[in-house]
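K.L.:
Handing you a structure now.
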Amino acid sequence: MSLETIPPGFEPHFRKSPFTDPWEPLYAKKTEKAVIIGLRLATPHTNARGLIHGGLIAALADNAMGYSCAQALGWEVSLVTINLSVDYVGNAKIGQWLAVESDVIKTGSTICFAQSLVEADDAVIARANGTFRVVPKQQ
């Protein structure tokens, strides 16, 4: 896959954030069950050894799980992370396509649980679990 190639179904991410701005361009793909976040890994995503930084993985997993919970709840609420855990099981390098795909485990009126797998060129490099507080959207 070339650096310019973006997998089918991904479009520029629909939500911008000052925190994620330095990592642009970010992409998203909405499925029936989840919001998948993806990006082509580049130098701004790396640590001092040239590998993808674990903080990037954690932040994108947090975002993907939160958006997936929001979608499962009809985009009617906001979510705040209560707990996030990440297990790093591999690494990734510049040029690879990183995708974070989530599964919503359970939704409720106050809590949502999700899990995700983080893949670099289809190889799992991390898994994450998140618990989110459901809060009314601020007007």
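The values are calculated or read from the model by the stated rules, or taken from the named source; none is laboratory data. The shown structure was predicted, so the numbers you read here are calculated from the model rather than taken from an experiment. Heads up, the Cβs are rebuilt from the backbone with ideal geometry, glycines too, and the neighbour counts pull from every protein chain shown. Only protein heavy atoms, including side chains, enter the accessible area calculation; ligands, DNA and RNA are left aside. Shrake-Rupley method; radii C 1.70, N 1.55, O 1.52, S 1.80 Å.
K.L.:
Could you please find all residues in segment 84-106 being surrounded by fewer than 18 Cβ atoms within 10 Å (Cβ to Cβ) and in contact with a Phe, Trp or Tyr (Cβ under 8 Å, 6 or more places away or on another chain)?
P.N.:
Passing the criteria: ILE105, LYS106.
K.L.:
PRO18 passes all but one of (1) closer than 22 Å to GLN115 by Cα; (2) open to solvent by 30 Å² or more (accessible area, probe 1.4 Å); which number fails?
P.N.:
(1)
Conditions (1) in a strand (DSSP E or B); (2) without any contact (Cβ under 8 Å) to a residue 40 or more places away in the chain, marked per residue:
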position: PRO8; (1), (2): no, yes
position: LYS16; (1), (2): no, yes
position: PRO22; (1), (2): no, yes
position: PRO25; (1), (2): no, yes
position: ILE36; (1), (2): yes, no
position: LEU39; (1), (2): yes, no
position: ALA58; (1), (2): no, no
position: GLY66; (1), (2): no, no
position: GLN71; (1), (2): no, no
